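Structure first, commentary second.
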Amino acid sequence: MSGIRDIAKLANVSNGTVSAVLNGKGDALRIAAATRERVWEAARALNYRPNIPARRLRTADDTGVPVVALFWTWDTRSSLMGRFLKGIQSSPLCQENGVELLIQPYASSCLGKELSLLRGTRFNGAIIANATELDLAYLSQVNLPLPVVLYQRSQEGYRSIQVDHYASGCEVAELFHAKGFRQVGLITPHVSSQAIQLRQEGFVETAERLGMLVAGEHRLLDAFSEQGGYEAAARLSSGPPLPEALFVLCDQMAIGALTAFRERGIEVPGQIQVVGYDDSEGAAFTVPSLTSVHLPVERMAAAAIGLLAKLIDPGRELAVIETFATHIVYRNSCPEVKNL
C-alpha cells in the first residue's frame, strides 16, 4: 500500500508537504495551490488510502474503530434516515466491534462538490444514499480513493444494496388487478431517482399488461413531501372521475393525499383505495391507516455497513449487488385480498 513517502516522490515534494496537504493544512501553511493539487493527483494515482483509525489512535480519546461516512441528501427524504441509523446501530459490526459514523448531508445532484469524498482523508469508506442521475454520472467518471457502497442505486464499478424496484411496482399493479379494478392512478414525486423511475415503470407496464387503464389525467407529479401529495390529490379530486385505486410512490406524499381526500369528503377505501411506499413509521397512524410497500431499510442498512467493512478489509470476493425483497403491509386504505 502506498504511503506518504511514495506520494512525495511522485509529486516531487517533501514528506512534510504531503502530510500537511493530506491533513487539510495546506492552505493554512500557505502551500501553493498548484503544489496542493500535485499532491492530490499523486495520491489518486497511487490509490492512497489513509489509515484513519491509526491516525486517530495518536490521541488518548480515540478508539481505532473504522470511520464511515453516510452521504444523505439534505431534502425531505432525510425522514428515512432514522430507520437507516437504527439498522446500522443494530448491525453485527456495530454490536461486536463498533464503528464511528459521520453524517455528511449533501445537495441533490451536487455530490461532486463533496471534496471529502474525492480526497478520502477523513474516513475509511462511504455509504451514498439517494444519488440522482447526475450524481451517478459523476461517480462513473471519478476514481475515488476509498471503498463506496451505494444505497438504493446501482452504478457500474460500485457495490450496492437495493430492492427490486421494478418488481415492487409490479406487485402493487397485480394487487389492484386482483381486486378487479379497471382504472388506476399514480402519484410520483418530482425528483431525479433511479429507484422511483423503475418503481413507476413496473407499476404502469404491469397495469397495462393486465388490462387496466392508467390514464394521463390520473398520473400526477408533485413535490416529494406531504404538501406535494396533498396538492396532487387535490387536483385529482377536482378533475375527471376518480380512479378506483391510487399508487403513491412514497409514504410522505400518500399521507398528504389522504388528508386531501378526507377534507373533500372522499371516502378511503370506499371511493378510492390508496397504497403508499416505504412503510414509514407514521403509516399505521394515518386516517385511515395506510397500506404500504414495506422497504426493509433497517436490514439494508445493516447489510450496507457490513459490506463496506469487508471492502475496507480488501482481498475478499463480494457480490456487486445485494437485493432485498419488499412486501405489502395491508392496512385500512387498501384492505388485503384473501387468497391472493
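Nothing in this text is a laboratory measurement; each read-out follows from the coordinates by a stated rule. This is a predicted model, so every value here is computed, not measured. Cβ: placed from backbone, ideal geometry, glycine included. Neighbour counts: every protein chain shown.
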Aspartates and glutamates whose Cα lies under 20 Å from that of residue 86, excluding same-chain neighbours fewer than 8 positions away: 75, 96, 100, 251, 278, 279, 281, 298, 322
Neighbour count of at most 10 Cβ within 10 Å plus DSSP loop: longest trypsin sites (Lys or Arg not before Pro)-free window in the chain: 59-315
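How compact is the range 128-186 by the rule of thumb for globular proteins, expressed as Cα Rg over 2.2 N^0.38 Å? Working shown, then result.
Numbers: Rg = 16.8 Å, N = 59, 2.2 N^0.38 = 10.4 Å.
So the range 128-186 has a normalised radius of gyration of 1.62.
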√(5λ) per eigenvalue of the Cα gyration tensor, the range 253-294, largest first, Å: 17, 10, 8
Please work out the Kirkwood hydrodynamic radius for the chain, using every pair of different C-alpha atoms, and report it in angstroms with one decimal place. 22.1
For the modelled label position 7 Å from the Cα of residue 264 along Cα-to-Cβ, which residues of the range 178-194 have backbone nitrogen atoms closer than 16 Å? 184-188
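Over the range 181-226, what is the relative contact order in whole percent, taking alpha-carbon pairs under 8 Å and six or more residues apart? Don't skip to the end; give the middle numbers.
Details: 46 pairs, mean separation 28.8, N = 46.
In percent, rounded to a whole number, it is 63.
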At q = 0.12 Å⁻¹, what log₁₀ I(q)/I(0) does a Debye calculation on the Cα points of the range 84-239 give, no solvent, two decimals? -0.69
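Under the rule of -39500 (n - 2.57) per DSSP H run of 4 or more residues, summed and divided by the residues of the chain, what mean residue ellipticity at 222 nm is obtained, to the nearest 500 deg cm²/dmol? The partial results should precede the final answer.
Values: 13 runs with 134 residues, N = 340.
Calculated from helices alone, the mean residue ellipticity at 222 nm is -11500 deg cm²/dmol.
Counting only GluC sites (Glu not before Pro) that sit in a DSSP loop (anything but H, G, I, E, B) with at most 14 other Cβ atoms within 10 Å, what is the longest stretch of the chain containing none of them? Mind dumping the intermediate values first?
On the way: sites that count: 156, 267, 281, 317, 336.
Longest site-free region, per DSSP loop and neighbour criteria: 1-155.
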In degrees, nearest 10, range 0 to 90: what is the angle between the Cα axis of helix 297-312 and the longest Cα principal axis of the chain? 20
Counting only DSSP beta bridges with both residues in the chain, tell me the antiparallel percent, nearest 5. 5
Around residue 109, which amide H atoms from residues at least 5 apart in sequence, or from another chain, sit under 5 Å from its own amide H, with H modelled in the peptide plane? 132, 135
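State the extension gain, in nm to one decimal, for the chain segment bounded by residue 227 and residue 29, taking 0.36 nm per residue of separation less the distance between their alpha-carbons. Write out the running numbers ahead of the final one.
On the way: separation 198, 0.36 × 198 = 71.28 nm, distance 4.91 nm.
Length difference between fully extended and current span is 66.4 nm.
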Whole number please: convex hull volume per residue, Cα atoms of the range 165-296, in Å³. 93
Estimated inter-spin distance, residue 289 and residue 336, nm [label 7 Å along Cα→Cβ]: 1.1
